[in-house]
Amino acid sequence: AVGVQVNRAMKECVRALAPNFSSIAIEVSPMETNDYVPIVEAGADGLVVYQETYDREIYAQLHTAGPKRDFNWRLDCAERGYAAGFRPVGIGALFGLSRWQAEGVGVPAHVEYLLKRCRQAPVPFSLPRSRPNAAEFQPASSQTDREPTHWNFALRRSVQRVWNV
């Protein structure tokens, strides 16, 4: 099926790039552990998967079908990547899908959880924010330029074993 073809193509791409790079990290949709293993074996060492939002209600409104609709399955993705051999495992929320304050609590809680469960992996985090755009998207919550900087600083100060991506 399509997922198998994408996985095979990603594996081959990583295999082709690996001799030329000291580190390869991928940012992909959530997969099962056994789907990640061939990509790790091909030479990828880092994984980034955005939770998108830590607000379960908003998440359910955004994801109405398929495996992606399972909030907990997506939340556990970094652990599945860790089990497959990725080091580091990165996370993040897309600020603007729900109240930014809720995401500002969800990201550090997820980081702390992963640091306890994935002891040999740094946990990079990212705090991208959604902005209004030409496609008429309007974020549910807006931030000034200062607010993400404050959250980034606070998270980096409170959790020492993270990388900022």
- [ ] Please sort 117-123, 94-100 by packing, taking for each peptide the average over its residues of neighbouring beta carbons within 10 angstrom, highest first.
- [x] 94-100, 117-123
Open item on the list: Below 8 Å between Cα atoms, with a sequence gap of 6+, how large is the relative contact order for region 1-110 in percent?
Closed with: 29 percent
- [ ] Take the Cβ-Cβ distance between Val4 and Thr149 as r, set R0 to 45 Å, and report the resulting FRET efficiency rounded to the nearest 0.05.
- [x] 0.60
Task: Equivalent-ellipsoid semi-axes of region 1-88, from the Cα gyration tensor, Å, largest first - done: 26, 14, 10
TODO: Would you mind calculating the gained length between Val37 and Arg69 on full extension (0.36 nm times residue separation, minus the Cα-Cα distance), in nm to one decimal?
DONE: 9.2 nm
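A short reminder: the numbers here are calculations on the coordinates, not readings from a lab. Since the structure is predicted, the reported quantities are computational estimates derived from the model, not experimental observations. Counting neighbours? That spans all protein chains shown, and the Cβs are built from the backbone with ideal geometry, glycine included.
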